[in-house]
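Worksheet for the structure shown next.
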Amino acid sequence: MERVVRCTVLKALAAGPAGVTDIADRVGLPKSTVSRMLSTLEELGAVEQVSVGGEYRIGWAMIELAAAARPGRSLISLARPHLVELARVTGEAAGISIPDGTDMLYLDQLTPNSELQVRDWTGHRIPMHAVPSGQVVLAGDSALAGRITKGRLQQFTPTTIVDAAALQARLDVVRRDGYAWAVEEFASGLNSVAAAIRTTGGTVLAALHVYGPASRFPGDRNPRELGELVKAAADNIRID
């Protein structure tokens, strides 16, 4: 029975970070039971607390297990030093994500301390067309891009690309530049830039991205230089 409860709690967190009360509501269990299960799962590395007394999210151990089922299973550990450096240099959140169907699954994120922080996207799935991480994947997979543009493109903000021709034009720019910028296309007030992480054979495996509040990112910094910075970091991560 306890094993079933643990699995239920983990499934609830797959929808995104949440506090004890929210998780209890999702799974229909008493808060005391959920709290006890979270403590056990935290000891096992299956979940981790974002901050003291704050929300829980899927932990490092579970993410590593998920990544192990995919090519490049050491991706998270290989990328982490680059996330640390990007977060240090830019002062913004840095993360990695992998393709999951027509979505991007966000695997890891480092967020520097600042007065205004972006949310932690670890564990979330976001449609590829709406985020630069997905656009760098689509730029390297014309078949997938064609399949996505034949369907309805969901609109998240007024600037989300929902026109097939406009998305294809964006992907042409991404192929030319080697990185993608999105200005409040998935979430209002959030800007981001991403570049592809490739296997040694050149196949796009994942995306490395930096994102921050639109009020300061990129701010007075050159968007092209930031794009090249992320691209250089992504190019240094190679998976056999």
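The values are calculated or read from the model by the stated rules, or taken from the named source; none is laboratory data. It should be emphasised that the depicted structure is a prediction, and the values quoted were computed from it without experimental measurement. Here Cβ is always computed from backbone atoms with ideal geometry, including for glycine, and neighbour counts include all displayed protein chains.
Considering (1) under 18 Å from ARG238 (Cβ atoms); (2) touching a residue at least 12 places away in the same chain (Cβ under 8 Å); (3) not hydrophobic (A, V, I, L, M, F, W, C), the lone condition that GLU92 does not fulfil carries the number (1). Elements of the type helices (runs of 4 or more DSSP H) sitting completely within the stretch 21-108 and holding at least 2 residues that are modelled with pLDDT of 75 or more and within 17 Å of the chain's Cα centre (by Cα): these cover 75-90.
Filtering the stretch 118-143 to residues that are surrounded by fewer than 18 Cβ atoms within 10 Å (Cβ to Cβ) and out of contact with any strand residue (DSSP E or B) (no Cβ under 8 Å at 6 or more places or on another chain) leaves ARG119, SER142, ALA143.
All conditions but one from (1) without any contact (Cβ under 8 Å) to a residue 24 or more places away in the chain; (2) in contact with a Leu (Cβ under 9 Å, 6 or more places away or on another chain) apply to TYR179; the one that does not is (1).
I'd like to check something: does the stretch 214-225 contain any residue that is touching an Asp or Glu at 6+ places or on another chain (Cβ under 9 Å) and closer than 26 Å to THR149 by Cβ? No, the stretch 214-225 contains no residue that is touching an Asp or Glu at 6+ places or on another chain (Cβ under 9 Å) and closer than 26 Å to THR149 by Cβ.
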